[in-house]
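Take a look at this one; I'll ask things after.
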Amino acid sequence: MGLFDWLDNRTGYRKLVRAALFEHVPGGARWRYIWGSTLTFAIVVQFITGVFLWMHYSPSAQTAWESVYYPKNGS
Ligand code: HEM
């Protein structure tokens, strides 16, 4: 029993993956239907990268520059 079997036992995630990837699309799949998933992907990227920006950047007039300035070795 592998890690993914264990995870599936605990969460049932395979059912969700199957529902997302093998959904029946009436009339057949079309390339133009990717845009909803593309928007979802873009907003998830915003949330994840936003957390990292939040951890490293201080967006005020007094602190912004220093918060992202890393001097090179020797200078
Ligand atoms: C952040 C904004 C949005 C996100 C993340 C989003 C996401 C999605 C996703 C993932 C799907 C299913 C895949 C697809 O068919 O492409 C979908 C379908 C759809 N979306 Fe959006 N959507 C957004 C905004 C909108 C807006 C503004 C409209 C209309 C004014 C809209 C109308 C629809 C329609 C009509 C469907 C097809 C539903 C169906 O027949 O099953 N969406 N959307």
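The values are calculated or read from the model by the stated rules, or taken from the named source; none is laboratory data. Keep in mind it's a predicted model, so treat the numbers as computed, not measured. Note that each Cβ is placed from the backbone with ideal geometry, even for glycine, and that neighbours are counted across all protein chains shown.
Name the residues in segment 52-61 that are of a type outside the set (Phe, Trp, Tyr), in a helix (DSSP H, G or I) and exposed (fewer than 10 other Cβ atoms within 10 Å of the Cβ), would you?
Matches in segment 52-61: Met55, His56.
Does segment 25-39 hold any residues that are more than 22 Å from the chain's Cα centre (by Cα) and either part of a helix (DSSP H, G or I) or within 10 Å of the ligand (Cβ to nearest atom) (or both), and which are they?
Val25, Pro26, Ala29, Arg30
Please work out if Val17 is surrounded by 10 or more Cβ atoms within 10 Å (Cβ to Cβ) and in contact (Cβ under 8 Å) with a residue 12 or more places away in the chain.
No.
Another question, if that's okay. Inspect segment 10-22 for any residue being within 16 Å of the ligand (Cβ to nearest atom) and not in a helix (DSSP H, G or I) and give the result as yes or no.
yes
Taking Leu21 as meeting all but one of (1) touching a Lys or Arg at 6+ places or on another chain (Cβ under 7 Å); (2) modelled with pLDDT under 95, write down the number of the exception.
Checking Leu21 against (1) touching a Lys or Arg at 6+ places or on another chain (Cβ under 7 Å); (2) modelled with pLDDT under 95, the one that fails is (1).
For every residue, the table says whether it meets (1) at pLDDT 95 or above; (2) among the β-branched types (Val, Ile, Thr); (3) surrounded by 10 or more Cβ atoms within 10 Å (Cβ to Cβ); (4) away from the ligand (no atom under 12 Å from the Cβ).
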site	(1), (2), (3), (4)
Trp6	yes, no, yes, yes
Phe41	yes, no, yes, no
Val44	yes, yes, yes, no
Gly50	yes, no, yes, yes
